[in-house]
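The values are calculated or read from the model by the stated rules, or taken from the named source; none is laboratory data. Fair warning: this is a prediction, and the values are worked out from it, not measured in the lab. Note: ideal-geometry Cβ built from the backbone for every residue, glycine included; neighbour counts use all protein chains shown. Accessible surface is based on the protein model in full, side chains and every heavy atom, while ligands, DNA and RNA are left aside. Shrake-Rupley method; radii C 1.70, N 1.55, O 1.52, S 1.80 Å.
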Amino acid sequence: MEENKNFTVSVYTENNIGILNRLSAIFLKRHINIESMTVSKSEIEHVHRFTFVVIVPETLIRKVVLQLEKQIEVIGAYYHTEDEIIYHETALFKISSEHLYDDKIQDKMKFRRAHIISITERWFVIEASGLKEDIDNMYEKLKPFGLLQFVRSGRIAITKPKMAISEILAEIN
Amino acid sequence: METLNTKVNEVKTSKTVKITGAEAVIKCLLAEGVDLAYGYPGGAIMPVYDEIYKYQDQFHHVLTRHEQGAIHAAQGFARVTGKVGMVFATSGPGATNLVTGIADAQIDSTPLVCITGQVGSHLLGSDAFQETDIIGISTPVTKWNYQVTKASEIPEIIAKAFYIAKSGRPGPVLIDITKDAQFGELDYSYKKCEKVRSYKAVPKLNIEKVKEAAELINSAKKPFIVWGQGVILGGAEQEFKKFIEKTNIPSACTGLGLSALETAHPLHVGMVGMHGNYAPNVLTNSCDVLIAIGMRFDDRVTGNLATYAKQAKVIHFEIDPAEVDKNVKTDIAVIADVKETLTKIMQFVDKGEHKEWMTAFDKLYQIEVNEVINDQLNPTKQGLTMGEVLGGINKETNGDAIIVSDVGQHQMFAWRYANFVKTRSNVTSGGLGTMGFALPAAIGAKMGAPDREVVAIIGDGGYQMTCNELGTILQTKAAVKIVVLNNSYLGMVRQWQELFFDKRYASTEMVSPNFVKLAEAYDIEAVKVSKREDLAGAIKTMMASKEAYFLEVVIEQEDNIFPMIPTGASVSDIRLS
Ligand SMILES: Cc1ncc(C[n+]2csc(CCOP(=O)(O)OP(=O)(O)O)c2C)c(N)n1
Ligand SMILES: [Mg+2]
């Protein structure tokens, strides 16, 4: 069995309704769990960018990316390994204000890209960002204080290799 | 879409006229050269049907008895003509009744445009009467789909739909039009679509790959070609023939590739796959170079992938990049239009001679003749065989007929024994295996090729899935020849139960009505044959008829289809009995 790896899939699409359904259907058909997903504008006007993270064998992701790319409204689809990308995730932690002046919490935050972004009498919110592991670590450390809420964003990633979307658009038009 | 909205077009040019969205639909279809559609009306599509009524001298609509019948008919039409099949249905149940046909067209790359009515846009998402999310439902089984909510979008979207359905690897497109968009007005002008910026219909041919492929072919001692429907879809039948005749390479087809090359061609060594011919299946695992042309290595073709052509270098000519290396790892892939590839490669391939290698095919063919084919074509057992019925039809039609097959044992007999002399003559549900496909598809095929004989080969099971379409035959007078091969079983499933489930015939025995009376109820001349001596005469009478005709042949009940590659077995372990 080929080993599972983390892949970041970047899909450039037209900005039309229903594309998310079409893309997720391809993962669904192959019984692949999407670990995280982010949709945003891209560097090109009217072109949207989906970023998926999946954990699968490379031969599988290669086929999936071709099937994503085949969709009419997909301009280009790519997959990258962890060392081919620069990526980032963000998380928010809501914690009871009784811990606000707890030295232990202050300690945990010192070493991380973490800071408090909101404080009320009853609760406060810590924002942390970084690699997946950084946030995993932060989660483990803050959990003992009782998390009132926890939420983490999908991965956003910039790839080191070029994705030639403008060239593809220029070629067809 | 904004560029087309009414504001921009308010400045009247001589080219634009104000009409309703519904009328625009018909005008767009006429502009695309479409004057025939299959469908079924209902509330949400009524404005369009009203225009069909008004345009009836230019635009013909065939009312089927079920939306599934409409879409299969459109598929039959598309398969024999190469044109886009056109379907209308209403929202909700009308739309969902299309789904099987859409999935069938998607997996068999059949170009279709389906237009469904939808509830008014202000009702979308409110669970309105007959509202269903047909865009969501059809997304995984369409090449493209789109919901129109403004009349002004209609011309551009229909143009795009036709371009997408027929270009590159063809497929079904669904356009869902809300009722208000049908009633709404627009300034009409039509421009055919020639490109979609995010869609590359035909990949650019890499000539270096063609040269590499040619070199490998020239050096091969035991080259073997497997071609698929791509040859037909790409209109490359002549180029294909020139290529194999120059290189003299034995060539076998997939089920959907049938009829691209005449059956009697000396280089045609049969069909591969689960119930294909013995020689091409066995020798897949002996060739040194396997050249796959316009085919996708379906599991029914390859059997166990782990033992499929492992000794061979594999060349793949394919238009769809997603099919390359999907199932079988290729050594050289030419990803381009197959006609272009086959044209370009001619200057690089040498004239070849593979006499000894051809003999290997002949030898195995003789074994198949002795152990399987003779028993089918010239049976000595009392019961009639499906093979002899096909043999009888070949004799009467000289292979000139379009054979439409349903799904089951009779389909495999049709694929194996029908004799083809013209391309686009094998209309069948390959990838999806949709029982009930044949009768409506035959109606569409006959309308697409009115000068040709259309013979539908159907099982007693599948016939009862769509025999309501006899009503469509009654109403349209489509002169299809219907042959029901009645073995009183869901034969293909029964065969598997016999071979792999110790003959536990769970729900495969089938009691059927009096099929002759049923056909007669629809004013169709009908005959039932159960004795060998009556068969040839009955087929002759049927083929001589100028009208629709029904022939039921009572078949030996527990006959099996062989050869067979059991699931999970290797192509070279194909069983003769
Ligand atoms: C819509 C649908 N349902 C179920 C099947 C599974 N199936 C495949 S072949 C077959 C039996 C077909 O029986 P019949 O039409 O009598 O043809 P025969 O095999 O007897 O020639 C069945 C049930 C199918 N292919 N399609
Ligand atoms: Mg049967």
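From the residues in the stretch A:28-47 that are within 11 Å of chain B (Cβ to nearest Cβ) and within 18 Å of A:Val65 (Cβ to Cβ), which one is most open to solvent (accessible area, probe 1.4 Å)?
A:Lys29
Within the stretch B:53-74, track down each residue that is within 30 Å of B:Val231 (Cβ to Cβ), part of a helix (DSSP H, G or I) and touching a strand residue (DSSP E or B) at 6+ places or on another chain (Cβ under 6 Å).
Residues satisfying the conditions are B:Ala70, B:Ile71, B:Ala73, B:Ala74.
Under 9 Å by Cβ, and 6 or more places apart or on different chains, what pairs join a residue from the stretch A:125-151 that is touching a residue at least 60 places away in the same chain (Cβ under 8 Å) with one that is open to solvent by less than 80 Å² (accessible area, probe 1.4 Å)?
Once the first residue is touching a residue at least 60 places away in the same chain (Cβ under 8 Å) and sits in the stretch A:125-151, its partners that are open to solvent by less than 80 Å² (accessible area, probe 1.4 Å) give A:Val151/A:Ala91; A:Val151/A:Leu92; A:Val151/A:Phe93; A:Val151/A:Lys94.
Name every residue in the stretch B:406-428 that is part of a loop (DSSP other than H, G, I, E, B) and either among the acidic types (Asp, Glu) or away from ligand 2 (no atom under 16 Å from the Cβ) (or both), in order of residue number.
B:Asp406, B:Ala418, B:Asn419, B:Phe420, B:Val421, B:Lys422, B:Thr423, B:Arg424, B:Ser425
Just one of the numbered conditions (1) in contact with a Gly (Cβ under 9 Å, 6 or more places away or on another chain); (2) more than 30 Å from A:Ile17 (Cβ to Cβ); (3) surrounded by 14 or more Cβ atoms within 10 Å (Cβ to Cβ); (4) of a type in the set (S, T, N, Q) is not true of A:Ser96; which one?
(3)
Among the residues of the stretch B:307-325, what is the count of those that are free of Cβ contacts under 8 Å to residues at least 12 places away in the same chain and either open to solvent by less than 40 Å² (accessible area, probe 1.4 Å) or not in a loop (DSSP other than H, G, I, E, B) (or both)?
Result for the stretch B:307-325: 2.
Scan (1) open to solvent by 50 Å² or more (accessible area, probe 1.4 Å); (2) outside any helix (DSSP H, G or I) for the single condition A:Val54 breaks and write down its number.
(1)
Given the criterion in contact with a helix residue (DSSP H, G or I) (Cβ under 9 Å, 6 or more places away or on another chain), open to solvent by 50 Å² or more (accessible area, probe 1.4 Å) and at the interface with chain B (Cβ under 10 Å from one of its Cβ atoms), identify the matching residue among A:Glu73, A:Glu69, A:Glu121.
From the options A:Glu73, A:Glu69, A:Glu121, the qualifying one is A:Glu69.
Which one of these does B:Gly391 not meet: (1) open to solvent by less than 10 Å² (accessible area, probe 1.4 Å); (2) among the small types (Gly, Ala, Ser); (3) away from ligand 1 (no atom under 16 Å from the Cβ)?
(1)
How many residues does the stretch B:306-351 contain that are away from every other protein chain (no Cβ under 14 Å) and not aliphatic (A, V, I, L, M)?
17
Just to be sure before I move on: is A:Met138 crowded, with 16+ Cβ neighbours inside 10 Å, more than 30 Å from B:Arg296 (Cα to Cα) and touching a Gly at 6+ places or on another chain (Cβ under 7 Å) in the structure I sent?
It is false that A:Met138 is crowded, with 16+ Cβ neighbours inside 10 Å, more than 30 Å from B:Arg296 (Cα to Cα) and touching a Gly at 6+ places or on another chain (Cβ under 7 Å).
Hey, can you tell me all the residues within the stretch B:235-258 that are open to solvent by less than 20 Å² (accessible area, probe 1.4 Å) and either over 19 Å from B:Tyr278 (Cα atoms) or assigned by TED's automatic domain parsing to the domain that holds B:Gly171 (or both)?
Of everything in the stretch B:235-258, those that are open to solvent by less than 20 Å² (accessible area, probe 1.4 Å) and either over 19 Å from B:Tyr278 (Cα atoms) or assigned by TED's automatic domain parsing to the domain that holds B:Gly171 (or both) turn out to be B:Ala236, B:Phe240, B:Phe243, B:Ile244, B:Thr247.
Quick one: in the stretch A:148-165, of everything that is open to solvent by less than 50 Å² (accessible area, probe 1.4 Å) and of a type in the set (A, V, I, L, M, F, W, C), which residue is modelled with the lowest pLDDT?
Here the answer is A:Ala164.
Can you confirm whether A:Gly18 is open to solvent by less than 50 Å² (accessible area, probe 1.4 Å), closer than 27 Å to B:Asn327 by Cβ and either within 13 Å of chain B (Cβ to nearest Cβ) or under 19 Å from the mean Cα position of the chain (by Cα) (or both)?
Considered against the rule, which asks whether it is open to solvent by less than 50 Å² (accessible area, probe 1.4 Å), closer than 27 Å to B:Asn327 by Cβ and either within 13 Å of chain B (Cβ to nearest Cβ) or under 19 Å from the mean Cα position of the chain (by Cα) (or both), A:Gly18 comes out as no.
So B:Gly399 passes all but one of these: (1) more than 16 Å from ligand 2 (Cβ to nearest atom); (2) within 24 Å of the chain's Cα centre (by Cα); (3) over 30 Å from B:Ala214 (Cα atoms); (4) modelled with pLDDT of 95 or more. Which condition number does it fail?
In the conditions (1) more than 16 Å from ligand 2 (Cβ to nearest atom); (2) within 24 Å of the chain's Cα centre (by Cα); (3) over 30 Å from B:Ala214 (Cα atoms); (4) modelled with pLDDT of 95 or more, B:Gly399 misses (4) alone.
Do any residues in the stretch B:455-482 that are within 14 Å of chain A (Cβ to nearest Cβ) and more than 13 Å from ligand 2 (Cβ to nearest atom) have Cβ atoms under 8 Å from those of residues that are assigned to a helix (DSSP H, G or I) and not basic (Lys, Arg), where the two are at least six apart or on different chains, and which pairs are they?
Short answer, once both residue conditions are applied: none.
Counting just the residues of the stretch B:365-388 that are within 16 Å of ligand 1 (Cβ to nearest atom) and polar (S, T, N, Q), which one comes out surrounded by the most Cβ atoms within 10 Å (Cβ to Cβ)?
B:Thr385
Looking at B:Gly171, B:Gly184, which one is surrounded by 21 or more Cβ atoms within 10 Å (Cβ to Cβ) and within 14 Å of another protein chain (Cβ to nearest Cβ)?
Exactly one of B:Gly171, B:Gly184 is surrounded by 21 or more Cβ atoms within 10 Å (Cβ to Cβ) and within 14 Å of another protein chain (Cβ to nearest Cβ), namely B:Gly171.
Among the residues of the stretch B:219-247, write down those that are among the small types (Gly, Ala, Ser) and outside any loop (DSSP other than H, G, I, E, B).
Passing the criteria: B:Ser219, B:Gly230.
Can you name the residue in the stretch B:8-24 that is out of contact with any Pro (no Cβ under 9 Å at 6 or more places or on another chain) and within 18 Å of B:Gln182 (Cα to Cα) and is also modelled with the highest pLDDT among such residues?
B:Ile19
Can you tell me which of (1) in contact (Cβ under 8 Å) with a residue 12 or more places away in the chain; (2) more than 20 Å from B:Val404 (Cα to Cα); (3) within 15 Å of ligand 2 (Cβ to nearest atom) is the one B:Val529 doesn't meet?
All conditions are met except number (3).
Name the one entry in B:Asp176, B:Asp108, B:Asp104 that is touching a Phe, Trp or Tyr at 6+ places or on another chain (Cβ under 9 Å), open to solvent by less than 10 Å² (accessible area, probe 1.4 Å) and farther than 24 Å from B:Pro47 by Cα.
Testing whether each residue is touching a Phe, Trp or Tyr at 6+ places or on another chain (Cβ under 9 Å), open to solvent by less than 10 Å² (accessible area, probe 1.4 Å) and farther than 24 Å from B:Pro47 by Cα leaves just B:Asp104.
Could you list, in sequence order, all residues of the stretch B:434-484 that are of a type in the set (Gly, Ala, Ser), assigned to a helix (DSSP H, G or I) and either open to solvent by less than 10 Å² (accessible area, probe 1.4 Å) or within 13 Å of ligand 1 (Cβ to nearest atom) (or both)?
Within the stretch B:434-484, B:Ala438, B:Ala441, B:Ala442, B:Gly444, B:Ala445, B:Gly461, B:Gly462, B:Gly471 qualify.
Only residues that are at pLDDT 95 or above and of a type in the set (Phe, Trp, Tyr): list them for the stretch A:88-103, please.
A:Phe93, the sole residue that qualifies.
Within the stretch B:192-205, is there a residue that is more than 14 Å from chain A (Cβ to nearest Cβ) and under 30 Å from B:Glu23 (Cβ atoms)?
Yes, because at least one residue in the stretch B:192-205 is more than 14 Å from chain A (Cβ to nearest Cβ) and under 30 Å from B:Glu23 (Cβ atoms).
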